[in-house]
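Working notes, beginning with the structure itself.
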Amino acid sequence: ADVNISCGQTANLTATVSGTVTGATFQWNNGVNTLNNPNVGAGTYSITATNSFGCSSTDAVVVAIPGVSQVLSFNTGLPNNIGCRNVAIQFTNTSSTLANWNWSWNFGDGSGNISFAQNPTYTYTQNGTYTVTLSADSAGCSVQDATKVVTIQTCTGIADSYLSQLIDVYPNPTSGLFTISFREVGSKAAVVNIYDIRGALITEQPVTVNGSDSQKSFTLSKAADGIYFVKIQMGDEVLMKKLILSR
């Protein structure tokens with residue numbers, strides 16, 4: 001009987017014989033000379049059996065790929081797919097099948113840089129919006145590309161930026177309730193976004209900072225323990241803080 005496989009898979013073929021097989025020889029059209037023909041891809045495979053009297057018989061089987069079961073996907077690891085200029089991004093391949101596939105990543109910045117790694121890192125040197133494309137093929141099969149749009153902007157550093165000297169997030173680690181303290185930033189509007197480790201937005205809250213010393217409280221009481229990112233944006237300035245939730 002013919003055999004169906006998916007892209008990226010192989011089949012193990014086994015021929016069966018009846019009658020006298022003593023002294024018989026077996027030859028597959030792909031060079032295998034045993035009854036078992038392992039790890040074959042799509043194609044037509046025939047086997048010829050010849051007994052000691054010189055009588056022979058041939059049979060064939062078709063190994064086909066009727067459809068593609070692969071679905072491509074990936075994560076950027078960035079909060080809301082927003083990253084920082086000159087900071088490496090770790091892309092994580094989350095496609096439905098990882099084994100036996102060839103990967104190709106285009107980072108969309110016109111540089112011509114292509115990665116063939118399963119989980120590449122990439123650093124953008126200019127601010128902008130870029131479309132990242134993941135392509136793949138296996139055993140002559142190709143599937144629909146996966147794309148994500150990432151936004152790259154100038155971010156303040158954790159240690160030496162202007163905002164990092166004026167804004168603090170505590171306690172860190174937190175058991176759920178934490179505070180953002182704004183010192184000597186005057187009266188300004190800010191937006192606070194909190195993301196989980198996958199980059200999914202947990203909450204977005206606009207806040208107004210009044211005076212030279214202002215504190216705003218937030219809670220992650222309904223969130224699971226883990227690593228979160230707090231993004232604080234005041235005008236064109238952006239500060240990212242890592243927050244650990246541990247009960």
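Every number in this text was worked out from the coordinates using simple rules, so none of it is lab data. Note that this is a predicted model, so its numbers are computed, not measured. Ideal geometry is used to build each Cβ from the backbone, glycine not excepted, and the neighbour counts take in all protein chains shown.
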### Task
Quick one: give the max-minus-min coordinate of the C-alpha atoms of segment 1-73 along each principal axis, largest first, in Å.
57, 17, 16
### Query
Dipole magnitude of segment 185-247 about its Cα centre, charges +1 at Lys/Arg Cβ and -1 at Asp/Glu Cβ only, in debye to the nearest 20?
200
### Message
Please compute the Kirkwood hydrodynamic radius over segment 129-247, one decimal place, Å, based on all pairs of different Cα atoms.
### Response
16.2
### Task
Could you tell me which Cys residues in the chain have no other cysteine's Cβ under 4.7 Å from their own Cβ, answering none if every one has a partner?
CYS55
### Message
Multiplying the sequence separation of THR151 and GLU204 by 0.36 nm and subtracting their Cα-Cα distance, what value in nm do you get?
### Response
17.3 nm
### Query
How far is it, in nm, from the label point at SER57 to the one at ILE197 when both lie 7 Å from their Cα along the line to the Cβ?
5.9
### Task
Under 17 Å Cα to Cα from LYS222, which aspartates and glutamates show up? Leave out anything in the same chain fewer than 8 places away.
ASP196, GLU204
## Note on the structure
Between the modelled labels at LYS188 and ALA1 (7 Å from Cα along Cα→Cβ) the distance in nm is 7.0
#### Entry: aspartates and glutamates whose Cα lies under 14 Å from that of LYS188, excluding same-chain neighbours fewer than 8 positions away
ASP213, ASP236, GLU237
### Placed amide H near VAL207: partners under 5 Å, 5+ positions off or other chain
ALA190, VAL191, VAL192
#### Entry: Hydrodynamic radius by Kirkwood, which averages 1/r over all alpha carbon pairs of the chain, in angstrom
22.7
### Förster-model FRET efficiency, 30 Å R0, GLN165 and ILE227, C-beta, rounded to 0.05
0.80
### Query
Using a Förster distance of 22 Å, how high is the FRET efficiency between VAL32 and THR10, based on the Cβ-Cβ distance and rounded to 0.05?
0.95
### Query
Placing +1 at every Lys and Arg Cβ and -1 at every Asp and Glu Cβ, with all other atoms neutral, what dipole size does the chain have around its Cα centre, in debye to the nearest 20?
460
